[in-house]
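Before any comments, here is the structure.
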Amino acid sequence: MTTILNVIGDAVRTGFALAGYDSELGKVTISNRPDLCEYQCNGAMAGAKQYHKKPIDIANEVVEKLKDMKRDDVVMFSEVTAVMPGFININLSAELVKKYLNEMTFHEDLGLDAHEGKKIIVDYGGANVAKPLHVGHLRSAVIGETIKRMALQQGNEVIGDVHLGDWGLQMGLIIAELEDRGQLDEDLNISQLEEVYPFASKKAKDKNEDGTLVNPDFAERAHTATVKLQEGDPKYREVWKKIMQVSVADLKKNYGNLDVHFDLWKGESDAQPYIPGLIQDLQDKGLAYESQGALVVDVCEESDPKEIPPCMVRKSDGGALYATSDLGTIIEREKLYKPDEYIYIADSRQSLHYTQFFRVARKAGFVRPEEELKFIGFGTMNGKDGKPFKTREGGVLRLENLIRETNDKVYERIRESRGDEITEEEAKNIASIVGLAALKYGDLSNQATKDYVFDLDKFTSFEGNTGPYILYTIVRISSIIRKFMLEQGIAQDVKVEDYIRDHAVDFSILPVEDKSGRGLQTLLTRYHDEINGAWKDLAPHRICSYIYEVSNAFNSFYHDVKFLGEPDEAKKQGYMALLMLTWKVLNTCINTLGFSAPERM
């Protein structure tokens with residue numbers, strides 16, 4: 001389907017052309033004064049200088065061409081007026097809105113033009129092997145999963161890669177400690193790994209009062225074990241494989257609890273075979289040179305507002321760095337997948353790294369000129385004190401504990417409101433669904449680049465701009481449709497979603513007289529523009545803002561109108577058709593955001 005802004009824009013551009021002006025002046029936007037009109041065009045203001053006319057005169061001429069304009073035999077505008085000093089205010093006709101919404105209903109995907117057809121790799125997650133996920137991993141996982149789903153929704157082939165940290169010193173520390181304990185050949189479990197790594201890390205770093213290491217031999221052996229592993233030592237490789245198997249299984253479980261799923265479980269280790277070749281290539285092309293014993297590549301450009309330091313691709317001791325590993329990864333991805341676009345999601349404090357690494361990849365020709373390299377840098381999740389989120393004891397909170405605390409808080413709220421109306425088992429099931437929505441929406445509703453305060457009381461509230469409020473709205477709509485289904489003689493065991501899928505097209509959305517109903521209809525027509533705009537800007541928070549608006553509009557309509565008490569059957573069915581479309585829009589959006597709604601709350 002053509003988006004509603006393009007429908008209106010095509011008409012207004014035609015109006016400008018018919019009045020003798022440049023059609024490109026007919027750009028239409030959503031009104032910033034919804035109390036005055038639904039849409040507006042400021043093209044007459046821009047055209048005044050070009051045509052040496054008063055903007056109001058141009059606006060009046062265009063308005064005359066628009067007043068009776070039709071689309072598919074339907075008059076498009078209920079009101080179109082020129083306002084000083086030259087604005088064109090536009091309201092859509094009820095018939096056009098009706099026709100547009102009914103067309104959306106006939107499409108399983110709501111008529112979204114999903115034919116972008118790119119191959120996109122989304123790099124997110126970035127967890128380290130042998131370490132439990134903590135709150136610092138939440139944003140990358142949640143934002144990345146949503147970006148992946150947004151890309152899929154636009155008709156792209158999308159590959160999500162967790163890109164594990166599986167090749168650094170932490171592996172040497174674990175191997176050295178297992179060796180000390182005589183457990184190298186034993187089977188491992190996740191509890192053991194989670195105890196061994198912090199113990200070994202502390203053991204390698206502990207210092208005496210004079211600043212010397214308490215266990216210098218251990219630190220050296222850990223470093224040696226890391227080097228031997230990376231050189232292919234068979235014994236250490238076998239231990240590494242065991243660590244990987246146990247750790248990845250646990251990571252999959254914990255990411256699964258967030259409804260976050262990856263297509264690839266590759267890591268830094270997969271990039272290692274490509275590193276010697278890429279270093280040689282950078283030297284052969286005259287891009288890499290020695291600086292204080294290290295190997296670096298200049299990446300600064302004339303247009304940079306401030307100088308960007310060279311990208312180091314090899315340390316003075318010959319070791320590789322994150323940039324080297326990321327370059328090796330991109331070479332492997334080019335060999336295996338040849339994507340059209342890369343999207344990386346990581347902490348915004350890594351923006352310099354990505355700028356440097358992207359520029360080296362381009363200068364060296366590791367990616368094709370037409371390929372896009374994008375970086376989404378996210379802000380920090382802070383506590384109420386404005387500092388990075390910690391446990392009450394000041395430690396880093398494990399992600400599984402954060403999920404548990406959120407679910408427990410939602411469970412308390414459900415018990416407070418529903419008492420013994422539902423069983424404990426059902427209350428816990430609902431709490432896990434709503435808890436995930438609270439957690440994800442609480443994060444995604446903030447602009448990704450900004451820090452935000454994690455407020456458990458606020459995020460789990462059933463009122464305000466929260467995930468539970470969105471789900472409560474969906475469940476409210478489901479409840480009304482369920483009652484309508486029973487009136488129609490539909491069996492109790494038929495699910496609401498199945499009924500909507502099979503029967504929504506049997507009913508026709510009608511114009512509504514209520515202001516709140518018209519507001520809801522207007523918002524629903526903007527679905528395609530909102531989804532496309534969010535994708536263009538890689539901005540999940542725009543989807544959150546949209547469904548919050550839709551939820552508010554529906555709840556206002558709900559309080560103004562008795563849907564099931566409507567005596568006019570045609571009108572009642574029109575209400576039901578509108579509710580079904582609202583349900584579909586909200587559910588489609590929350591699926592993109594990575595959570596779902598329960599049957600009831």
Item to check | Difference of contour (0.36 nm per residue) and Cα-Cα distance, residue 566 to residue 107 | outcome: 162.5 nm
Next on the checklist: Once you order the gyration tensor axes a ≥ b ≥ c over the Cα atoms, which shape class does the chain get: rounded for a/c under 1.5, otherwise prolate or oblate by comparing a/b with b/c?
Outcome noted: oblate
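Full extension from residue 505 to residue 349: what is 0.36 nm times the residue separation minus their Cα-Cα distance, to one decimal in nm?
Going from the current span to full extension adds 51.2 nm.
As a test of the definition: which semi-axes, in Å, follow for region 290-367 when you take the square root of five times each eigenvalue of its alpha carbon gyration tensor? Largest first, please.
Working: eigenvalues 84, 57, 30 Å².
Semi-axes from the Cα gyration tensor: 21, 17, 12 Å.
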Checklist outcome for this item: At R0 = 45 Å the Cβ-Cβ FRET efficiency linking residue 387 and residue 283, nearest 0.05, sits at 0.55
Checklist outcome for this item: With a Förster distance of 41 angstrom and the Cβ-Cβ distance between residue 494 and residue 27, calculated FRET efficiency to the nearest 0.05 equals 0.30
Checklist entry - If you wrap a convex hull around the Cα atoms of region 78-146, how much volume per residue is inside, in Å³? => result 229
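Keeping all protein chains in place, calculate the accessible area per residue for the chain (probe 1.4 angstrom), answer in Å².
Working: 27820 Å² over 601 residues.
With all protein chains present, the chain gives 46 Å² per residue.
Quick one: compute the contact order of region 230-321, relative version, from alpha carbon pairs under 8 angstrom and 6+ residues apart, as a percent. Before the final figure, lay out the partial values.
Working: 57 pairs, mean separation 13.3, N = 92.
The value is 14 percent.
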Checklist entry - Dividing the alpha-carbon radius of gyration of region 556-601 by 2.2 N^0.38 Å (N being the number of residues), what value is obtained? => result 1.40
Next on the checklist: In the chain, if the dipole is taken from +1 on Lys/Arg beta carbons and -1 on Asp/Glu beta carbons about the Cα centre, which of 419, 567, 16 is farthest to the positive end?
Outcome noted: 16
Item to check | Share of carbon and sulfur in the accessible heavy-atom surface of the chain [1.4 Å probe, %] | outcome: 48
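Evaluate the Kirkwood expression for the hydrodynamic radius of region 457-601, namely the inverse of the mean inverse distance over all pairs of different C-alpha atoms, and round to one decimal in Å. Let's see the in-between values first.
Working: mean 1/r = 0.0635 Å⁻¹.
Over region 457-601, the inverse of the mean reciprocal pair distance is 15.7 Å.
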Checklist outcome for this item: Residue separation between residue 253 and residue 420 times 0.36 nm, minus their alpha-carbon distance, gives in nm 56.9 nm
Item to check | Qualifying chymotrypsin sites (Phe, Trp or Tyr not before Pro) in region 216-248, DSSP loop, other Cβ atoms within 10 Å at most 14 | outcome: none
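Using R₀ = 45 Å, calculate the FRET efficiency as 1/(1 + (r/R₀)^6) where r is the Cβ-Cβ separation of residue 205 and residue 404; round to 0.05. Provide the component values of the computation, followed by the final result.
Values: r = 30 Å, r/R0 = 0.67.
Once the sixth-power term is evaluated, E becomes 0.90.
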Checklist entry - For the chain, which span is the longest to avoid every loop-located (per DSSP) member of GluC sites (Glu not before Pro) having at most 12 other Cβ atoms inside 10 Å? => result 1-107
Checklist entry - Label-point separation (nm) for residue 591 and residue 6, each offset 7 Å from Cα along Cα-to-Cβ? => result 2.2
Next on the checklist: Can you tell me the orientation of helix 138-153 relative to the chain, as the angle in degrees between its alpha-carbon axis and the longest Cα principal axis, to the nearest 10?
Outcome noted: 50
Checklist outcome for this item: Ordered by number, the chymotrypsin sites (Phe, Trp or Tyr not before Pro) in region 510-574 that occupy a DSSP loop and have at most 14 other Cβ atoms within 10 Å are none
Next on the checklist: Over 13 Å apart: what share of the alpha carbon pairs of region 55-96 falls there, rounded to a whole percent?
Outcome noted: 49
Checklist outcome for this item: Normalised Cα Rg of region 112-264, dividing by 2.2 N^0.38 Å with N its residue count, works out at 1.28
Item to check | Ratio Rg/Rh, restricted to region 1-67 and using Cα atoms, in which Rh is the Kirkwood radius | outcome: 0.97
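Do you know the Lys pair count in region 360-417 for C-alpha distances under 30 Å, with sequence separation 8 or more or different chains?
Values: 363/374; 374/387; 384/409; 387/409; 390/409.
So the count of such lysine pairs works out to 5.
The values are calculated or read from the model by the stated rules, or taken from the named source; none is laboratory data. Keep in mind it's a predicted model, so treat the numbers as computed, not measured. Positions of Cβ are backbone-derived with ideal geometry, glycine not excepted, and every protein chain shown enters the neighbour counts. These area figures cover heavy atoms from the full protein model, side chains too; ligands, DNA and RNA do not enter into them. Shrake-Rupley method; radii C 1.70, N 1.55, O 1.52, S 1.80 Å.
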